[in-house]
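**Student:** Supplied in structure tokens, the structure appears directly below.
The values are calculated or read from the model by the stated rules, or taken from the named source; none is laboratory data. For clarity, every value in this text was computed on a predicted model and none was experimentally measured. Glycine gets a Cβ as well: all are built from the backbone with ideal geometry, and neighbour counts include every protein chain shown. Just so you know, the surface numbers come from the protein's heavy atoms only, side chains and all, with ligands and any DNA or RNA stripped out. Shrake-Rupley method; radii C 1.70, N 1.55, O 1.52, S 1.80 Å.
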Amino acid sequence: MTAGFRPGADGPPARRDPVLASALAEAADLPDGEARLAELDRIAARADALGDPHSALDARFALVAAYLRHGGRWRIIEPVRRLLAAVDSSPDLLDGRPGDAELLRRHLRQAVEAAIGTPRTGLDQAQSLLDALARRVGEDAGVVAQLRCRLADHRGDEPTARQWYDRWTAATDPDPEAGCPGCLPVRRAELLAGWGDDRAALEALRPVLDGGSDGGSDGGSDGGVDCTDQPERALAVGLLPWLRTGASARAGQAHLRAYRRHRRERTALPYLAAQLRFCALAGHPDRALDLLAEQLPRLDHPYDDLSAMEFAAAGALVCALAAESGRDGRRVRRPGHADRPAAELTVAALGTDLSAEATRLAGSFDARNGTGHHAGRIAAWLAERPTGDPVPLPAPESVEDPDDEPFLPSAEEPAPLSLTQLTAVLDVRGDVYAVDAGGVVVGRWDEAVVQFRLLGGHGEILHARVVAARRLAAGRLAEAYEFCNAWNHDRLLPKAYVHELPEGELVLAGDVTTDLAHGVAPTQLGILVDAAVSTGVAYARAVAALP
């Protein structure tokens, strides 16, 4: 059960509505997704209306946790603000709930970070939440100095950011609200690299990279800190500082090792911009285009707006350098999303789209912040060019995991249809199937043999063909036609028809075709496969039941 989501626990039982407690318990069993988010939001609003603050608290703690998992970080700001208001007006709400008091402080930090990552909310809200955190942990706490530093840097106020940086690095007390200690050096290195202090940035990464896993070898410890996200995040942040300070061999190793993980990790979008810029500036435009094409679907489902802006800007740089190096004829497929159709774009056209997207987001941030900082930063990125010979990259097999798989979307993230997606759905169902040399997936369910094919110019059409196991004699052709016509009149799927074999037998088959040019989420693909199999089985059973 989600942390902080304990319906019926703590607090006076008389103040809890039993209907809401039951609804909270049922919501805990819903899968992550919009349905669960909407239900938790409804429960919180209902608890407010009924004067049940404990249930409202439980629902909003669960709502924040669900938003953090679901990928809508900016959406945590409002429920955290409501949690804060409730506790400020009734401090006794957290009596007997020390774990939730600490959780609220952690969520305050996460809400400030979320506000930095999106222009959809004012910085005054971020400042208000940060002040509330400072009242709880003390103005001298490292987490407060860290967030004030990052807010100042986000606005482009480097002198103020550096002052807070010094206070942050001087703090020595344990800081549980600051999050993972192993990620703090990476946050510091990101700031220093952004200020142009490449050597200082690399020095800041040493606590993470000490232990033999800094990209210079393929074995050893995973760094000098206990963090499951390291050393790959540190390696990604170190890419450009290593490149700019002449440590090209280390940068090449780090690139391959970090991308091995980040290419398929759902929360890695903030680190992919560095990967794209490194490949472009290290003299590998083809690899940069390959990475951009593979990761482009993520831009439609970003971690936050800030990482989307940086990814789009890095992608625009890749396209510009590719065009300048004579690769302007290469095309990159961009999957459809919302009202945008799927398209095969030239490098120049894709670069124009990505540049416009980065510029739009930078303008939104600057309008919110009252500065021109992000527009200037994106312009500087787009003006970058390689400064030397191509950086040698180690052989992929010396670093890559042979079992590595490409990025797959989460259950609700659409991506281009692929054979990998299709077989993953069948694996989850526990089906027995085979894949022939032509990529056709074949399985038998009850009386039905079902074949799945990916058709169309880019494999964007899912075609399912069902064949009934029972065959009819050639003399029953009229009867077979009558059966299929009746089926097509009464049923939507599958479309039924008769196929005459040369040896005289009649095969009754059917098919279902779905155009997925705009992409498909694994959950949606699972529904399509379920429908194809279930209707195919029903069709085959009806054929088997014929006299």
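**Student:** With respect to Leu417, determine if the residue is closer than 20 Å to Val543 by Cα and either of a type in the set (Asp, Glu) or surrounded by 13 or more Cβ atoms within 10 Å (Cβ to Cβ) (or both).
**Tutor:** no
**Student:** Among Leu472, Leu546, Leu455, which is the only one that is open to solvent by 60 Å² or more (accessible area, probe 1.4 Å) and aliphatic (A, V, I, L, M)?
**Tutor:** Leu455
**Student:** Surrounded by fewer than 22 Cβ atoms within 10 Å (Cβ to Cβ), more than 29 Å from Ala111 (Cα to Cα) and either of a type in the set (D, E, K, R) or at pLDDT below 80 (or both): does that describe Arg264?
**Tutor:** no
**Student:** Within segment 140-196, track down each residue that is within 19 Å of Ile378 (Cα to Cα) and assigned to a helix (DSSP H, G or I).
**Tutor:** Selection gives Arg150, Leu151, Ala152, Asp153, His154, Arg155, Glu158, Glu190, Leu191, Leu192, Ala193, Gly194.
**Student:** Would you be able to say whether some residue in segment 125-135 is open to solvent by less than 50 Å² (accessible area, probe 1.4 Å) and charged (D, E, K, R)?
**Tutor:** no
**Student:** Separate question: Regarding segment 525-532, can at least one residue be identified that is of a type outside the set (A, V, I, L, M, F, W, C), within 18 Å of Thr420 (Cα to Cα) and at pLDDT below 90?
**Tutor:** Yes, there is a match, as at least one residue in segment 525-532 is of a type outside the set (A, V, I, L, M, F, W, C), within 18 Å of Thr420 (Cα to Cα) and at pLDDT below 90.
**Student:** Among (1) out of contact with any Ser or Thr (no Cβ under 9 Å at 6 or more places or on another chain); (2) over 26 Å from Leu299 (Cβ atoms), which single condition is Ala47 missing?
**Tutor:** Condition not satisfied by Ala47: (1).
**Student:** Would you confirm, using the coordinates I've provided, whether Leu350 is open to solvent by less than 10 Å² (accessible area, probe 1.4 Å) and within 21 Å of Arg287 (Cα to Cα)?
**Tutor:** Yes; evaluated as a whole, the condition is true for this residue.
**Student:** So which helices (runs of 4 or more DSSP H) are wholly in segment 340-442 and hold at least 3 residues that are modelled with pLDDT under 80?
**Tutor:** Hits in segment 340-442: 419-429.
**Student:** Now for a different question. Report every pair of residues separated by at least 6 positions or lying on different chains whose Cβ atoms are under 7 Å apart, first residue within segment 68-93 and of a type in the set (Asp, Glu) and modelled with pLDDT of 95 or more, second open to solvent by 10 Å² or more (accessible area, probe 1.4 Å) and not in a helix (DSSP H, G or I).
**Tutor:** Hits for this filter: zero, empty list.
**Student:** Separate question: Please specify each residue of segment 98-121 satisfying the condition of being more than 22 Å from Val144 (Cβ to Cβ) and either surrounded by 21 or more Cβ atoms within 10 Å (Cβ to Cβ) or of a type in the set (Asp, Glu) (or both).
**Tutor:** Correct list: Pro119 only.
**Student:** Give the residue that is farthest from Val543 (Cα to Cα), with candidates limited to residues of segment 446-466 that are modelled with pLDDT under 90 and more than 28 Å from the chain's Cα centre (by Cα).
**Tutor:** Applying the filter and picking the extreme gives Asp446.
**Student:** Pick from Val332, Val318: which is modelled with pLDDT of 95 or more and either within 25 Å of Ile461 (Cβ to Cβ) or open to solvent by less than 50 Å² (accessible area, probe 1.4 Å) (or both)?
**Tutor:** Val318
**Student:** Specify which of the listed residues (Ala247, Ala204, Ala236) is open to solvent by less than 10 Å² (accessible area, probe 1.4 Å) and modelled with pLDDT of 90 or more.
**Tutor:** After ruling out the rest, the residue left standing is Ala236.
**Student:** Taking the conditions exactly as written (at pLDDT 90 or above, out of contact with any Leu (no Cβ under 7 Å at 6 or more places or on another chain) and of a type in the set (A, V, I, L, M)), does Ala171 satisfy them or not?
**Tutor:** Here the answer is no, as Ala171 does not meet what is asked.
**Student:** Scanning for something within 21 Å of Phe61 (Cβ to Cβ), touching a residue at least 40 places away in the same chain (Cβ under 8 Å), open to solvent by 30 Å² or more (accessible area, probe 1.4 Å) and among the hydrophobic types (A, V, I, L, M, F, W, C), does segment 137-145 turn up at least one residue?
**Tutor:** Yes: segment 137-145 contains one or more residues that are within 21 Å of Phe61 (Cβ to Cβ), touching a residue at least 40 places away in the same chain (Cβ under 8 Å), open to solvent by 30 Å² or more (accessible area, probe 1.4 Å) and among the hydrophobic types (A, V, I, L, M, F, W, C).
**Student:** Another question, then. Restricting to segment 164-177, count the residues that are open to solvent by 70 Å² or more (accessible area, probe 1.4 Å), in contact (Cβ under 8 Å) with a residue 12 or more places away in the chain and either more than 29 Å from Asp100 (Cα to Cα) or acidic (Asp, Glu) (or both).
**Tutor:** Summing the residues that are open to solvent by 70 Å² or more (accessible area, probe 1.4 Å), in contact (Cβ under 8 Å) with a residue 12 or more places away in the chain and either more than 29 Å from Asp100 (Cα to Cα) or acidic (Asp, Glu) (or both) in segment 164-177 gives 1.
**Student:** Yes or no: segment 277-294 includes at least one residue that is within 18 Å of Arg385 (Cβ to Cβ), touching a helix residue (DSSP H, G or I) at 6+ places or on another chain (Cβ under 9 Å), open to solvent by 20 Å² or more (accessible area, probe 1.4 Å) and of a type in the set (A, V, I, L, M).
**Tutor:** yes
**Student:** Here is a further query. Arg453 is checked against (1) touching a residue at least 40 places away in the same chain (Cβ under 8 Å); (2) part of a strand (DSSP E or B); (3) closer than 30 Å to Pro31 by Cα and fails just one. What number does that condition carry?
**Tutor:** Condition not satisfied by Arg453: (1).
**Student:** Another question, then. Are any residues in segment 433-443 surrounded by fewer than 16 Cβ atoms within 10 Å (Cβ to Cβ) and closer than 25 Å to Ala545 by Cα, and if so, which ones?
**Tutor:** The one that is surrounded by fewer than 16 Cβ atoms within 10 Å (Cβ to Cβ) and closer than 25 Å to Ala545 by Cα: Val442.
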